[in-house]
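Remarks on the structure that follows.
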Amino acid sequence: MKLLTSNFLKCSVKACDNSNENFPLRYDANCQLQQDESIDCNPEFLINILERVDWNALVQVASDLGNKSLPPQKPELSPGDDLTDDDLAIIRDMHSLLIQTSIVEGQMSCRNCGHVYYIKNGIPNLLLPPHLA
Amino acid sequence: MLPTPYIKCDYETVYEPCEDSFLLLDGLEQEQSFLQTRFRNQLAIVCELGPGSGIVTTFLMQNDIPHGNGSIYLALDISPWALEATQDAQRRNDCQNRYLSVIQSDLTKCLRQNSTDLLVFNPPYVPAEQVPDRPSSNENDKSQWLDLALLGGEDGMVITRQVLDQLDTILSQQGVAYILFCARNKPEQVAESMRQQGWKVDLIINRKAGWEVLSIYRFIRQ
Ligand SMILES: C[S@@+](CC[C@H](N)C(=O)[O-])C[C@H]1O[C@@H](n2cnc3c(N)ncnc32)[C@H](O)[C@@H]1O
């Protein structure tokens, strides 16, 4: 699962919807990551993503996974602007983190109820056991 | 006519593309410019529920629907076999450079609320005594997964109803949903009750398929 996907996944337990702790999930530090260089960087796509992304959630997940280098504030880039070299460097970093990085094996849990979800073979399983569904 | 993906998978476990799947492709092709305009210059989060073989999501990726510069495709199925098939379809049709994540999930329970811009669903719509239970393990009698692809409980609407009831928390402010119905789902009644709850609902395409009439409705906020 690509790292950016963590920005869209919350706990499946209905009762957790009433808490602010069900998103993002907490990712285990031992998650196994993989880098896929085959996807080309498309600056416009990345700018559109940045505009939409929940930055705090991203910073938190990256830090769970051992990357503490993200700035606390979302980088400001707008489409149509002439991009400076610095902007392009940010875009390349974001591309490498959000799109090229995937979690292939590992687990994550809800910060509210503690339920653990697994990622196997790159596919996260967010189904609940029958007694929680 | 837009190209149709090449699909090959084990149809003993995964729903084989049928008239309903093809109607969905035709409907989405027809909606292409509507969607392009609606999501111009912005990221679109596309979520297909129940991708099965992956034919619909791959069609969207292949043809840059809603648009080329930025769609994120999320394919959510309850069946692990469907998710494998969907990844396979992506590879087979040279769409590896598109952003796709497949997720095993019961409907949209795991999705952050109000984040989906384009929702597409060809649900299990065949009327049946009840919706079958989920097999207890991936390896269990594989045909049980196929029952889940077809059987929709009372009026064939039990699963679709859950999605419609949640639509307001699933879709983003500009979100659009395309959902397929068969005549026995009584889609006109369903559409009318959604209109009364403030949705703009339009029939975008319908077709006779054998003795069944299939239709696709589009749901947006008023
Ligand atoms: C009629 S098939 C459609 C397959 C494919 N989209 C197509 O058009 O050919 C329905 C799909 O929904 C999935 N499904 C059934 N119940 C589900 C649920 N509760 N959550 C997620 N997916 C579900 C099935 O596994 C199956 O892949």
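The values are calculated or read from the model by the stated rules, or taken from the named source; none is laboratory data. Fair warning: this is a prediction, and the values are worked out from it, not measured in the lab. When we count neighbours, we look across all protein chains shown, and the Cβ atoms used for this are built from the backbone with ideal geometry, even at glycine.
Within the group B:ARG112, B:ARG134, which residue is closer than 23 Å to A:VAL13 by Cα, within 14 Å of the ligand (Cβ to nearest atom) and not small (Gly, Ala, Ser)?
Working: B:ARG112 fails: within 14 Å of the ligand (Cβ to nearest atom).
One residue alone meets the criteria, B:ARG134.
Against the condition of a type in the set (Asp, Glu) and within 14 Å of the ligand (Cβ to nearest atom), how does B:ASP117 come out, does it pass?
Criteria not met by B:ASP117.
Out of curiosity, is A:GLU37 among the acidic types (Asp, Glu), surrounded by fewer than 17 Cβ atoms within 10 Å (Cβ to Cβ) and within 12 Å of chain B (Cβ to nearest Cβ)?
yes
Show me the helices (runs of 4 or more DSSP H) found entirely inside segment B:17-98 where at least 3 residues are surrounded by 19 or more Cβ atoms within 10 Å (Cβ to Cβ).
B:19-30, B:55-62, B:80-92
Filter segment B:1-16 down to the residues that are closer than 27 Å to B:SER172 by Cβ and surrounded by 22 or more Cβ atoms within 10 Å (Cβ to Cβ) and list them by number.
Matches in segment B:1-16: B:PRO5 only.
With the condition kept exactly as written, say whether any residue in segment A:85-101 is under 22 Å from B:ILE45 (Cα atoms) and in contact with a Ser or Thr (Cβ under 7 Å, 6 or more places away or on another chain).
Within segment A:85-101 (the criterion being under 22 Å from B:ILE45 (Cα atoms) and in contact with a Ser or Thr (Cβ under 7 Å, 6 or more places away or on another chain)), the answer is no, since none of the residues qualifies.
Kindly indicate whether B:ARG98 is modelled with pLDDT under 95 and within 15 Å of the ligand (Cβ to nearest atom).
Criteria not met by B:ARG98.
Please verify whether segment B:124-144 includes one or more residues that are at pLDDT below 95 and part of a helix (DSSP H, G or I).
Checking segment B:124-144: at least one residue is at pLDDT below 95 and part of a helix (DSSP H, G or I).
How many residues are touching a residue at least 12 places away in the same chain (Cβ under 8 Å) and outside any loop (DSSP other than H, G, I, E, B) when one looks only at segment A:14-31?
Qualifying residue count for the region: 4.
Out of (1) under 22 Å from A:ALA57 (Cα atoms); (2) surrounded by 14 or more Cβ atoms within 10 Å (Cβ to Cβ); (3) within 14 Å of chain B (Cβ to nearest Cβ), what's the single condition that is false for A:GLU105?
Failed condition: (3).
All but one of (1) at positive phi; (2) in contact with a helix residue (DSSP H, G or I) (Cβ under 6 Å, 6 or more places away or on another chain) hold for B:GLY152, so report the exception by its number.
(1)
Select from segment B:181-207 the residues that are part of a strand (DSSP E or B) and under 21 Å from B:ARG38 (Cα atoms) and list them in ascending order.
B:TRP199, B:LYS200, B:VAL201, B:ASP202, B:LEU203, B:ILE204, B:ILE205
Please list, ordered by first then second residue, the pairs with beta carbon atoms under 9 Å, 6 or more apart or interchain, first in segment A:69-90 and closer than 22 Å to A:ALA57 by Cα, second modelled with pLDDT of 90 or more and in a loop (DSSP other than H, G, I, E, B).
Every condition considered, the pairs that remain are A:LYS74/A:VAL53; A:ASP87/A:PRO75; A:ILE90/A:PRO75.
Which count do you get for residues in segment B:88-115 that are farther than 22 Å from A:MET108 by Cα and either aromatic (Phe, Trp, Tyr) or facing chain A (nearest Cβ under 10 Å) (or both)?
3
Any residue at all in segment B:138-158 that's within 11 Å of chain A (Cβ to nearest Cβ), more than 30 Å from B:SER193 (Cα to Cα), surrounded by fewer than 20 Cβ atoms within 10 Å (Cβ to Cβ) and more than 11 Å from the ligand (Cβ to nearest atom)?
Yes, there is a match, as at least one residue in segment B:138-158 is within 11 Å of chain A (Cβ to nearest Cβ), more than 30 Å from B:SER193 (Cα to Cα), surrounded by fewer than 20 Cβ atoms within 10 Å (Cβ to Cβ) and more than 11 Å from the ligand (Cβ to nearest atom).
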